[in-house]
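Novice: Have a look at the structure that comes next, please.
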Amino acid sequence: MANMLFMGASQLNSDPFLFVIDDSDDDVFILSRAIKGAGILNTIDCAGNGEQAIKYLQALLNHSSSSSNLPAIILLDIKMPLADGHQVLAWIRSQSALSRLPVYMLTSSELESDRSRSTQLGATDFWVKPSSYPEYRTLADKIKNLLDTTALSA
């Protein structure tokens with residue numbers, strides 16, 4: 001999955017969807033399972049590197065006249081090929097139509113420098129990737145609450 005961009009039903013309708021940007025097939029798989037297990041029915045679109053993510057988001061901007069066709073939440077890894085998560089985050093924040101999207105850094109890095117840089121660039125929050133499926137389910141429940149909150153405020 002990391003080598004391909006998967007565009008889901010989000011391209012066809014305006015239902016809220018998640019955009020996961022991560023180069024680890026295993027991490028994307030277990031995260032997707034946990035999200036579905038938490039009862040989140042939203043589409044999950046994925047990009048396997050930063051360059052794909054930017055191209056995908058640019059395509060959404062070019063083909064959308066409404067913010068309802070943008071991701072409800074972006075989950076962004078830091079350490080990726082072609083463009084790392086910090087470069088993607090900086091690009092997102094530089095685009096007026098995307099600048100307010102919630103972007104959660106989801107990374108294996110526990111470095112304070114990565115956390116600090118993410119905060120400086122405007123990340124909504126910084127989460128260290130879980131190390132077990134039960135921890136992924138806890139994260140998925142957190143994401144579900146965020147989606148529910150977003151839907152109520154829309």
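The values are calculated or read from the model by the stated rules, or taken from the named source; none is laboratory data. Treat the numbers as computed from the prediction; the structure is a model and nothing was measured. Quick reminder, even Gly has a Cβ in these numbers, built from the backbone with ideal geometry, and neighbours come from all protein chains shown.
Novice: Inside segment 95-142, can you point out the residues that are in a loop (DSSP other than H, G, I, E, B), hydroxyl-bearing (Ser, Thr, Tyr) and under 18 Å from Gly50 (Cβ atoms)?
Specialist: Ser99, Ser108, Ser109, Thr124, listed by residue number.
Novice: Does segment 99-143 hold any residues that are crowded, with 19+ Cβ neighbours inside 10 Å and small (Gly, Ala, Ser), and which are they?
Specialist: Across segment 99-143, the qualifying residues are Ser118, Ala123, Ala140.
Novice: Given Leu76, Leu82, which one is surrounded by 14 or more Cβ atoms within 10 Å (Cβ to Cβ), closer than 10 Å to Ile21 by Cβ and either among the β-branched types (Val, Ile, Thr) or in contact (Cβ under 8 Å) with a residue 12 or more places away in the chain (or both)?
Specialist: None of the other options fit; the residue is Leu76.
Novice: Has segment 88-101 got any residue that is among the hydrophobic types (A, V, I, L, M, F, W, C) and within 22 Å of Asp27 (Cα to Cα)? Break it down into steps so the answer makes sense when it comes.
Specialist: As a first pass, look at segment 88-101 and keep what is among the hydrophobic types (A, V, I, L, M, F, W, C): 88-92, 97-98, 101.
Right, trim to within 22 Å of Asp27 (Cα to Cα) and you get 88-89.
Looking for residues that are among the hydrophobic types (A, V, I, L, M, F, W, C) and within 22 Å of Asp27 (Cα to Cα), one finds at least one in segment 88-101, hence yes.
Novice: Go through segment 69-101 and count every residue that is among the hydroxyl-bearing types (Ser, Thr, Tyr) and modelled with pLDDT of 95 or more. So that I can check it myself, show each step before the final result.
Specialist: Filtering segment 69-101 down to residues among the hydroxyl-bearing types (Ser, Thr, Tyr) leaves 94, 96, 99.
Adding the requirement that they be modelled with pLDDT of 95 or more leaves 94.
Total meeting the criteria: 1.
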